[in-house]
Every structure is written in structure tokens, then in C-alpha cells.
Amino acid sequence: MKVLVTGSQGFIGSYVCTELLEKGYEVVGVDNYSKYGYVKRAHDKHPNFFFIEMDAKDLPSCVEKFYDIDYIVAGAAMIGGISYFHKYAYDLLAENERITASTFDLAIKLWGTHALKRIVVLSSSMVFEKANAFPSSEGLVPITPPPLSTYGFQKLAVEYFAKGAYEQYKLPYTVVRPFNCVGVGEDEALGEEEITSGNIKLMMSHVLPDLVNKVLSGQDPLHILGSGEQIRCYTNGKDIAKGIRLCMEYTDEPTDFNISVTQAHTVYQLATLVYREITGDKEASPRVIHDEPYEYDVQKRIPSTWKAKNVLGFEAEVSLEDSVKEVVKYMREKNETFNSPPSDKN
């Protein structure tokens, strides 16, 4: 089986490629390096990975490259942290709509005449931006008020692209909603707005690397956006990738799945785990100072995982404590490499 993964060199995309390759799939990756610039990923040299550097918006003009694709995992998108939602409010809607439409145009061309069996659509937990029932089940999406952020609204639109392609063309799909991916490989995005949090440049892509960077840099008190009581379900990239694969292998009628851990934590609890891992003091708690929150900083996001467990057999396995250890180790090594003196070897 051969899988096309758009956005293959991105944060979640790289986890997905690794998961699929380890399970014996051939993977064709498409990426234009627009998020981080040129990056090397662990899957790049795998014998069953084939990479095409291109813009996902050009996919429909290259049907001949993908005639033998069995599955599409549609992961390419403009994506960033909370400041990204404000700085690129129009682009997040317009550019991601173009990427989504082009990906579906390719899938529709391949469906019925070539090998394609299903498209897997990466939505987002942000479709629950205005949810007021927790844990939020998949069935709440149609009756939850639409997101206010253009990013969340476009992710909801992605789900309607899938529904529309099925209604008109009978293109099989599965919608995946990952919740708060954490892990290694989330580097600084090109075009990210430079904002300071205290005396430290804010790493806006995700809260975990931002907190790790601040504590490693010795920031005291530790700056946290908002109250620190925002609730999230931090899910390791390995678990999200496994969930995406299971959604891809699902063979029943088109449907949607929340992919997440079951345990919820506040941002302050996450900050405490980071602080204790870095300082080595398992009883310590950081002193904090609260920065002004952003408009779209959702206060509570807790999904129901019943459907994924009972239909797919999916359960997240990596604890937040282990994710924190993984990211701290990664960022320590990265900082040491970045700050080490140049070698005198040729």
C-alpha cells in the first residue's frame, strides 16, 4: 500500500511518515518547506520514503505522479501558535482553503479511476473553540457554534470539504481531530511574529517548547500567557500518528474521530512538570507572572475519546510526564549544539 502524505516534513507530518513506514507502507511525501525552511527528518532516508518538493496547491496538475496512491493523508496547511492566528488571520483562511481544495481536487481525480481508497483529513481540536459541553464528543460538532478564529473556522471547513466530496463524488474519507500535539521536531516557524515574554522571545508554535525554552534560559519568575488555568489534553506525536494510521485503515462509512489522551492538564500544571524536570527538584514549583492572554486562547478543551477507543481500538500510551522529558532532552541537545564553539576540523 502506498500513502501520499502532504506536509510530510512538518511537525505532525513527520510523525505520520515514521508511523506508516514502520508499519510497512510506502510513503510519498509532499512539502514545500514553507513552515521551517529546509529541515532533515528521521524518515528522509528510509528506503520506502519518496519525497517530492512541491506546493500542495499544485497537486491537481501532477496526477500522473500519484496514479498508484492508495491513501491520502491531507496534512499540509499553514499552522502556527496563538499569535499566528492574529498575524495571518486572512492567510490562514485563504491559503489553507486553496491547499484543501487542491488536495481534494487530486483525490477526486484519483477516486474511481485509480487505486485511491480513502482520504484522511486532518482537522483540529479548534473546531471545538466555542464548545460548552465536556468532554466534547464528535457528535457535538454540528451543533457547536462555529469557531471565531479564522484558523478554527477553516478547519471546520476542511470537514465540510470531505462531506461535500462524499455527497457529490462518493469519495471515502475519515476526519481526524488531533488534540494538542506535543513532541520533538517543532522548530521555529518562518514568518513567526517576534514577541517577548518577559526577557525571553516567545516560541509561539506550541506551549510546551515555549515553557521549556524559558526555564532552560533561567527565566524567573516564569511568564505564562493568561491565568495558567487553561485546560488542554496534551497528546504525544507518536500517539497522534498511530491514531491517524488507524483512521486511514478504517474501512466503514465516512466518519470522524477525536484523537487524544484522556487526561487533561492546566498550563500551570504543565509548567510545573517542565520546571521539575529541568531543575531536578520533584517538589519545586515555579514562580509565575501572568502575561496578557490572546483573544483566541481557548480556556477549556477536553475531547471525548470513547469513539476512537471503541471503534478503532485507539488509546494514547505516552504520558505527559514522558512527553515533557522527551522535549526537554531534545531542546537541551539542540541548545548545546547551537551554542557549541565551531569545530576546527575540516
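We did not get these values from a lab; they are worked out from the coordinates using the rules stated. Fair warning: this is a prediction, and the values are worked out from it, not measured in the lab. All Cβ positions, even for glycine, are placed from backbone atoms using ideal geometry, and neighbour counts span all protein chains on display.
Take the conditions within 27 Å of TYR294 (Cα to Cα), assigned to a loop (DSSP other than H, G, I, E, B) and either under 22 Å from the mean Cα position of the chain (by Cα) or in contact (Cβ under 8 Å) with a residue 40 or more places away in the chain (or both) and apply them to LEU140. Does it pass?
Working: within 27 Å of TYR294 (Cα to Cα): yes; assigned to a loop (DSSP other than H, G, I, E, B): no; either under 22 Å from the mean Cα position of the chain (by Cα) or in contact (Cβ under 8 Å) with a residue 40 or more places away in the chain (or both): yes.
When the stated conditions are applied, LEU140 does not pass them.
Rundown of residues vs (1) within 26 Å of SER149 (Cα to Cα); (2) in contact with a strand residue (DSSP E or B) (Cβ under 8 Å, 6 or more places away or on another chain); (3) surrounded by fewer than 22 Cβ atoms within 10 Å (Cβ to Cβ), yes/no style:
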site: GLN9; (1), (2), (3): yes, yes, no
site: VAL16; (1), (2), (3): no, yes, no
site: LYS35; (1), (2), (3): yes, no, no
site: ASP55; (1), (2), (3): yes, no, yes
site: VAL63; (1), (2), (3): no, no, yes
site: VAL73; (1), (2), (3): yes, yes, no
site: HIS86; (1), (2), (3): yes, no, yes
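So if I check each of LEU122, LEU92, which one is crowded, with 18+ Cβ neighbours inside 10 Å and under 20 Å from ALA241 (Cβ atoms)? Steps first, please.
Working: LEU92 fails: under 20 Å from ALA241 (Cβ atoms).
It is LEU122.
Can you pull out the strands (runs of 3 or more DSSP E) entirely within the range 23-124 that have at least 2 residues that are under 17 Å from the mean Cα position of the chain (by Cα)?
Details: elements: 26-31, 49-53, 71-74, 118-122.
Passing ranges, in order: 26-31, 71-74, 118-122.
Filter the range 3-22 down to residues that are of a type outside the set (Gly, Ala, Ser) and outside any helix (DSSP H, G or I) and give me whichever is nearest to ALA77 (Cα to Cα).
In the first step, residues of the range 3-22 are kept if they are of a type outside the set (Gly, Ala, Ser); the result is 3-6, 9, 11-12, 15-22.
Next, from what is left, pick out any that are outside any helix (DSSP H, G or I): 3-6, 9.
Working: VAL3: 18, LEU4: 15, VAL5: 12, THR6: 9, GLN9: 12 Å.
It comes out as THR6.
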